[in-house]
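Working notes, beginning with the structure itself.
The values are calculated or read from the model by the stated rules, or taken from the named source; none is laboratory data. All values derive from a computational prediction rather than experimental measurement. All Cβ positions, even for glycine, are placed from backbone atoms using ideal geometry, and neighbour counts span all protein chains on display.
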Amino acid sequence: MMNASTTAAGTSTPLPVFIVEASQAIRERLVDMITAIDGTCCAGAATIAAIPDILQAHPDTVILDIRLPEGNGFDVLRALRHHAPDIQIYAVSNHATPAHRQLAYRLGASAFFDKTIEIEAMRELITQRAAQRLRIYQYLNHTMTQ
């Protein structure tokens, strides 16, 4: 599940992404998408509100379905903001109403994506975060070797 970026100076730490998605088919597609992005890795995947697993993995980013079979993504979002405010949380839903978006942002989501039409935008954002992480790693590695 890991896909780390390699530089001339060595291998950087990949951007860990945790996926919480109710649909197995969509979850598998998201895992495939994440592992195909250079400089990322899948830190875990769950179908339910897996707050302890997320906190233990402490990923950089969580892709969070707001409709889960047990509990809901808004409760997970609330808990993660309380216990791990530095994690980027991308709320996703097939029901991307203005009310869902507003609530997600009010509870601390970093972004909100409609699963039916905005997955490419989410992939691009994760790609940018991974590239930024790699640039920081390269800069720090270069600075430390001089």
Residue match in region 101-124 (condition: farther than 22 Å from P14 by Cα, in contact with a Gly (Cβ under 6 Å, 6 or more places away or on another chain), among the β-branched types (V, I, T) and assigned to a loop (DSSP other than H, G, I, E, B)): no
Options A96, A91: the member that is in a strand (DSSP E or B) and in contact with a Phe, Trp or Tyr (Cβ under 8 Å, 6 or more places away or on another chain): A91
Residues (surrounded by fewer than 21 Cβ atoms within 10 Å (Cβ to Cβ), β-branched (V, I, T) and at pLDDT 95 or above) located in region 45-81: none
Of all residues making up region 96-146, the number that are of a type in the set (V, I, T) and either loosely packed, with under 12 Cβ neighbours inside 10 Å or over 19 Å from the mean Cα position of the chain (by Cα) (or both): 6
Candidates A91, A84, filtered to the one that is under 16 Å from I119 (Cα atoms), at pLDDT 95 or above and either in contact with a His (Cβ under 9 Å, 6 or more places away or on another chain) or among the basic types (K, R) (or both): A91
Unmet criterion (only one of (1) at pLDDT 95 or above; (2) buried (at least 22 other Cβ atoms within 10 Å of the Cβ); (3) more than 18 Å from S93 (Cβ to Cβ)) for P14: (1)
